[in-house]
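Student: My structure is below; once you've seen it, I'll send some questions.
Quick note: the coordinates plus some simple rules give every number you see, no bench work behind them. Owing to the predicted nature of the structure, the values given are computational and were not obtained by experimental measurement. Here the Cβ positions follow ideal geometry from the backbone for every residue, glycine too, while neighbour counts run over all protein chains shown.
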Amino acid sequence: MAKVTTTERRKEEHIRINLEENVQFPRLTTGFDNYRFIHQALPELNLAEVDTHVTVLGKVLTTPLFISSMTGGTPLAQKINIHLAEAAQERGLAMGLGSQRAAIEDPSLVSTFQVRHVAPDVLLFANLGAVQLNYGYGVDQCRRAVDMVEADALILHFNALQEAVQPEGDGNFAGLLDKVAEVCATVGVPVIAKEVGWGISEQAARQLAEAGVSVIDVAGAGGTSWSEVEYHRAPTVFHANIARSFADWGIPTAESLQYARQGAPNVMRFASGGLRDGIDVAKSIALGAMLAGMAGLFLQAANQSTEAVLEREREITTQLRIAMFASGAGDLASLAQTPLLSCRQ
């Protein structure tokens, strides 16, 4: 029997908890409810001709919706990734993979991340934790992550709070920026800097832009709270109390998008973190994102079947197209210039 690594076991726990427990932020929201589109009673558009195509990192996508990074490293994760990738291939979506650290540690797990055989054309993102650059990883491991899945870009995810509340977490984020810059300069593919659910500040966006990242995925607060996930897997009451105290920490996604635009105006931005429907996707584009990602909604569907993922995508993209139509935006360039009403109390 193959040995189960600590990382692999943690990934199994994360999947189970996300599927079975309520791990949403208890009170903090994404901030998208603070904005509304100006309804256009006379949009002067044909709904059938509303165009959601977008070109990102050299690939044409049918919609600005992408499947955000979720999982890998276990047999269940392999099934989920195949269902996600099959849907991405059929519908022309981008897709991020979960952290590939497990496969770097144990090559027998590589196949749980590999999806090119069912998704040869998708815009695919490899994924490693940025903090691992302080724990023995370097450009070689980053290239291995990209090569093992034939990825078009590399996500370096930033999860300082998650590492801090994990009993086994890696908490040394000191001096990380120079190492990120080295990866950006030498890895050979675009680098996407991604939070995991607590948002990117203006300062962080500026630092990441100076380091040379090609994309910032703000992954703001308001959706899945990873401190809540860690609460559910805490081994002691002490660790549970520590994790639970940060349940509502973070920068709401809508606010983080604007911080990222201020801090790194010339760097492409993705929006993820708690998006609920195609209207949130539309608001993300209007607030400056190029793509909008979802994870939790797709995870539930992918645990069932490829068809369930396709059905969820059709629903979200239809909502997006109607939001564009009703606000008078015939394509994504127009949507990006569409003003939003601020409804803050």
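Student: Determine how many Å³ per residue the convex hull of the Cα atoms of the stretch 191-345 encloses.
Tutor: Measuring per residue, one finds 141 Å³ for the Cα hull of the stretch 191-345.
Student: Same structure, new question: Could you check the simple spin-label distance between Q304 and A333, using points 7 Å along Cα→Cβ, in nm with one decimal?
Tutor: Modelled inter-label distance: 3.8 nm.
Student: Let me ask something else about it. Within the stretch 99-168, list the GluC sites (Glu not before Pro) lying in a DSSP loop whose Cβ has at most 14 other Cβ atoms in a 10 Å radius.
Tutor: Qualifying residues, ordered by number: E150, E168.
Student: Provide the convex hull volume over Cα atoms per residue for the stretch 6-342, in Å³.
Tutor: Normalising the Cα hull of the stretch 6-342 by residue number yields 119 Å³.
Student: What's the longest piece of the chain with no exposed trypsin sites (Lys or Arg not before Pro), counting a site as exposed if DSSP puts it in a loop and it has at most 16 other beta carbons within 10 Å?
Tutor: Counting only loop sites that pass the neighbour cut-off, the longest clear stretch is 117-343.
Student: Okay, moving on. Could you check how many percent of all C-alpha pairs in the stretch 71-163 are farther apart than 18 Å?
Tutor: The share of Cα pairs beyond 18 Å in the stretch 71-163 comes to 41 percent.
Student: A follow-up question, please. Can you compute the helix-only [θ] at 222 nm over the chain? Use -39500 (n - 2.57) per DSSP H run of at least 4 residues, normalise by all residues, nearest 500 deg cm²/dmol.
Tutor: Here the helix-only value at 222 nm equals -12500 deg cm²/dmol.
Student: Same structure, new question: Between A174 and D248, what is the FRET efficiency for a Förster distance of 30 Å, r being their Cβ-Cβ separation, to the nearest 0.05?
Tutor: 0.65
Student: Identify, among A87, V146, V131, the residue whose Cα sits farthest towards the positive end of the charge dipole of the chain, taking +1 on the Cβ of Lys and Arg and -1 on the Cβ of Asp and Glu, with the dipole about the Cα centre.
Tutor: Going by the Cα projections, it comes out as V131.
Student: Right, here's the next one. Using a simple spin-label model with points 7 Å from Cα along the Cα→Cβ vector, what separation in nm is obtained for H239 and D277?
Tutor: Rounded to a tenth, the inter-label distance reads 3.9 nm.
Student: Give me the one-decimal nm value for the distance between modelled label points at D106 and E150, 7 Å along each residue's Cα-to-Cβ direction.
Tutor: 2.6 nm
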